[in-house]
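The values are calculated or read from the model by the stated rules, or taken from the named source; none is laboratory data. All values reported here derive from a predicted model rather than from experimental measurement. Cβ placement follows ideal geometry from the backbone for every residue including glycine, while neighbour counts extend to all protein chains displayed. We work out accessible area using only protein heavy atoms, side chains counted, and drop any ligands, DNA or RNA first. Shrake-Rupley method; radii C 1.70, N 1.55, O 1.52, S 1.80 Å.
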Amino acid sequence: MKEKKILDSKLRSPLRRIAMGILYFILVVVALLQLYPLVWLFLLSLKTNQQVFGMSPFALPKSPRWENYINAWFDGGINQYFFNSVWYTIVAVVLTLILASFVTFALTRMEWKFKGVVLALFMIAYMIPLHSTLIPLFNIYNKMNLIDNPSRLFLSYTTFNLPITNYDLLGFYQSLPREIEEAAVMDGCSVHRIFFRITLPMTAPVLATTAIINMIYNWNEFVFVNTFISSEKWKTITVGVNNFVGQYLTDWGAIGATLVISILPILIVYLFLSDRIIEGLVAGSVKG
């Protein structure tokens, strides 16, 4: 019997190596397929229009046109659009996290009459399609004299990010031990001090995760900016790409450079903080 087990283990070892080799090969192929659009876009940003249409998509540019990035940044006004995107993203993320933390603390730590109704309303708001709200929102903002105003974007981003942020925070808040807060109450701490000194610092992992997710959404958002903003000085980088699309000529190299610039911040954030995203998503999954 012992010899049979040894023989089975020897047979399993080559089969296991073959299976792992096949698995790694499949994963490498999937990774290359995922990276191909980024590589193609980078090569596009270094080509002229003649090279874009006259060469293979895989072909390297004969003489890389790094000036495409300079033209896009200065001549195309991408520098202004880039800083607008940074400003909108930061303000909207901060507002969303503050309001979501307040709401989630009230839903999980306080007892009041319509708590269940408010929670149900947030869940219903999460299911409302974004595009179905464009016309009503445009009419509301028009009546409030918020025409072509950045505050439209802050309000819209915060409103649509609030339900999913509350949903992410809810599970984490419910997993936090209440004994620490109860001890603080016994020591005479007010509700405000408990929230800012005890509860909020303990939610740092999930707050970091929701901040990253909201940042990615706000940075890549196109529909609200294209609908509510018409002035060039308030547009974001996702809409600024249209500046290089002319009636008779389109500068594909500058478009590629603009898209590369717009992707870089999100790509850098994800590469360095991907572990925090996963950590925050699973932080409230196990209670106790």
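Tabulated values for the structure
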{"quantity": "About the Cα centre, charge dipole magnitude for the chain (Lys/Arg +1, Asp/Glu -1 at Cβ), debye", "calculated": "920"}
{"quantity": "Top of Leu267, Leu15, Leu97 by mean-square fluctuation, Gaussian network on the chain, Cα under 10 Å", "calculated": "Leu15"}
{"quantity": "Within the chain, helix-based [θ] at 222 nm, where runs of 4 or more DSSP H residues each add -39,500 (n - 2.57), nearest 500", "calculated": "-23000 deg cm²/dmol"}
{"quantity": "Ranked order, Lys47, Lys235 - accessible area, probe 1.4 Å, largest first", "calculated": "Lys235, Lys47"}
{"quantity": "Segment 90-219 - charge dipole about Cα centre, Lys and Arg +1 at Cβ, Asp and Glu -1, debye rounded to 20", "calculated": "280"}
{"quantity": "Cα shape, the chain, gyration tensor, a/c 1.5 rule", "calculated": "oblate"}
{"quantity": "Charge dipole of the chain about the Cα centre (unit charges at C-beta), most positive-ward option of Tyr173, Pro163, Asn149", "calculated": "Tyr173"}
{"quantity": "Spin-label model distance (nm) - Leu23 vs Ser151, 7 Å beyond Cα toward Cβ", "calculated": "5.6"}
{"quantity": "Of Lys115/Lys235; Lys62/Lys235; Lys143/Lys233; Lys143/Lys235, pairs whose Cα-Cα distance is over 30 Å", "calculated": "Lys115/Lys235; Lys62/Lys235"}
{"quantity": "Segment 204-231 versus segment 15-90: alpha-carbon centroid distance in Å", "calculated": "22"}
{"quantity": "Relative contact order (%) - the chain, alpha-carbon pairs under 8 angstrom, separation at least six", "calculated": "32"}
{"quantity": "Global geometry of segment 1-138, whether rounded, prolate or oblate, following the gyration tensor of its Cα atoms and the 1.5 cut on a/c", "calculated": "oblate"}
{"quantity": "Solvent accessible area, Å² - Ile263, 1.4 Å probe, full protein context", "calculated": "60"}
{"quantity": "Accessible surface of Ser262 - all protein chains present, 1.4 Å probe, nearest 10 Å²", "calculated": "20"}
{"quantity": "Where labels lie 7 Å past Cα in the beta-carbon direction, separation of Arg178 and Phe222 in nm", "calculated": "4.7"}
